[in-house]
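What follows is a single structure, written as structure tokens, with notes after it.
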Amino acid sequence: MITTAAVLQMPGLGVHVELRRTAADTDGEYIEFDVVGRARGFLAVEHVHLHQTEHYEVIEGVMRLRLDGQEHLLGPGDEMTTPPGAPHAQLAGGEGEGRVRVTLRPAGRTQEFLERLAAMKVNRFGWPGPVEAAGIFRDFESEGSATRPSVGVQRALSRVVLAVASSEYLFVDEWDVAAPRERVFDAISDARTYPEWWKPVYLDVDSDGEAEVGKVSRQHFKGRLPYHLHTTSTITRLDAPHIIEADVDGDLRGHGKWTLTENADGGTHVRFDWQVFADKPLLRVLTPILRPAFRWNHAWAIARARAGLEAFAR
């Protein structure tokens, strides 16, 4: 008997899916589910499964199966199998809803894909937006994809769409500081000192106390662009005098890592790896347009750190 938890609702795609046997039930050998309704939009496009054999058994209604350019009409009791790599599309036939039992061998990530479809937002024609479609291609390309356009074109388009839409930034900055590594480590690890040397970027920092793993500090800072940011940082790694890592939440969300290496002359080589997501609503909206400006803003802020850290550490 199918339980409520085993039913994936996909009203925008015209169907719901009833899971009968999952990868967990079969040790990954296969997955079996019933597709009930009339598939449309994204669910009805021609596609291929790269490594799976797909078997259909029509329980109710009529299914039109397009396989390798030929159309087959399947009614109750009819069965058919699609081999790996064969272009195919499952379309509704006749009147009313149908029920088709589908078995894929091996199970692969089919359940994850079906759950993604159930969570996907689609328009009234059953099609997702470009960002969601690009994300699905990126995450499931190794399992299969639509047959048109070519996989190369789909890959290029998805990368462009996701890059434009993403609020993620990856920064790597390196420079040398003419000061002992221990003193540079002390300055960077204690965020309370930032307003003293990282001027005029950091306006205020409040901390739970001395730098320790798990300790939290709260920052108020700005760049050259006309906005202020508020973040909370939690130290996740403190390996004196070599590495400092912290998770950041608030208007910016991400992870920062400072790596300090002693130079032959007794100075310090500083490397700052900064992965950040712009979560402030205005920043998130403007990211696709102003990404170069945000990078310029970061470069300006790092220049202020370069200017102030050495004098403070010495």
**Message:** Considering only the range 73-84, I want to know if a residue exists there that is farther than 27 Å from Ala133 by Cβ, buried (at least 20 other Cβ atoms within 10 Å of the Cβ) and out of contact with any Phe, Trp or Tyr (no Cβ under 6 Å at 6 or more places or on another chain).
**Reply:** yes
**Prompt:** How many residues are within 16 Å of the chain's Cα centre (by Cα) and in contact (Cβ under 8 Å) with a residue 24 or more places away in the chain when one looks only at the range 122-141?
**Reply:** 7
**Request:** Go through the residues of the range 278-286 one by one and say whether even a single one is assigned to a strand (DSSP E or B), at pLDDT below 80 and assigned by TED's automatic domain parsing to the domain that holds Thr236.
**Result:** yes
**Item:** Extreme residue, modelled with the lowest pLDDT, among residues of the range 135-162 that are buried (at least 16 other Cβ atoms within 10 Å of the Cβ) and touching a Lys or Arg at 6+ places or on another chain (Cβ under 8 Å)
**Value:** Leu162
**Prompt:** If only one of Asp78, Asp68 is at pLDDT 95 or above, more than 20 Å from His16 (Cα to Cα) and among the acidic types (Asp, Glu), which one is it?
**Reply:** Asp78
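Evaluate the following for Val153: is it under 30 Å from Asn297 (Cβ atoms) and more than 17 Å from the chain's Cα centre (by Cα)?
In short, no.
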**Asked** If Ala179 satisfies every condition in (1) of a type in the set (Gly, Ala, Ser); (2) surrounded by 14 or more Cβ atoms within 10 Å (Cβ to Cβ); (3) within 30 Å of Ala6 (Cβ to Cβ) but one, which is the exception?
**Response** (3)
**Item:** Matching residues in the range 216-236 - criterion: being of a type in the set (D, E, K, R) and at pLDDT below 95
**Value:** Lys222, Arg224
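Listed here are the residues, each with its yes/no results for (1) under 15 Å from Trp274 (Cβ atoms); (2) without any contact (Cβ under 8 Å) to a residue 60 or more places away in the chain.
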site: Tyr169; (1), (2): yes, no
site: Ala179; (1), (2): no, no
site: Glu196; (1), (2): no, no
site: Asp206; (1), (2): no, yes
site: Ala211; (1), (2): no, yes
site: Lys222; (1), (2): no, yes
site: Glu245; (1), (2): yes, yes
**Asked** All but one of (1) at pLDDT below 95; (2) outside any loop (DSSP other than H, G, I, E, B) hold for Ala211; which doesn't?
**Response** (2)
**Request:** Could you run through the range 110-131 and say how many residues are modelled with pLDDT of 90 or more and either assigned to a helix (DSSP H, G or I) or among the β-branched types (Val, Ile, Thr) (or both)?
**Result:** 11
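The values are calculated or read from the model by the stated rules, or taken from the named source; none is laboratory data. Note that this is a predicted model, so its numbers are computed, not measured. Here the Cβ is made from the backbone with ideal geometry for all residues, glycine too, and neighbour counts use every protein chain on show.
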